[in-house]
Amino acid sequence: MDILSQIATRIIREQELIIGPLAWSEAGKVRDIRIVDQKTGEVAVEGIGDHKLVIDALVARYERLFGRASIEVCKEAAAAIVADLKPEDVPESLR
């Protein structure tokens, strides 16, 4: 699993703890996120282009539903992973 797929998975799982199955439903609406296996929590960030924008779209989707607090949940969920990335590789929404 690539790094951005890992970030997406962590964000979705953390949101699931708060909003339940709706987290998976909303993630499935984000272009270029493919839910491989919801039971194991496996997702794939696919498509052409800047995959960081896919993470930004996922975070924005949760923000539209639940406001600023959901952004903080996303940042906390991905913190351990993004800490190892170069600043330019971190999606804007997680900075």
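Bear in mind these aren't lab numbers, they're just calculated from the coordinates by the rules spelled out. Remember, it's a predicted structure, so these values are computed and weren't measured experimentally. No Cβ is skipped: glycine too gets one built from the backbone with ideal geometry, and neighbour counts run over all protein chains shown.
Any chance you could tell me what percent of the C-alpha pair distances in the chain go past 18 Å?
Details: 1597 of 4465 pairs.
Everything past 18 Å amounts to 36 percent.
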Burial ranking of peptide ranges 15-22, 72-79 (average Cβ count within 10 Å, highest at the top): 72-79, 15-22
Contour minus Cα-Cα distance for Asp2 and Leu65 (0.36 nm per residue): 20.0 nm
The chain, relative contact order in percent, only Cα pairs under 8 angstrom and at least six apart counted: 31
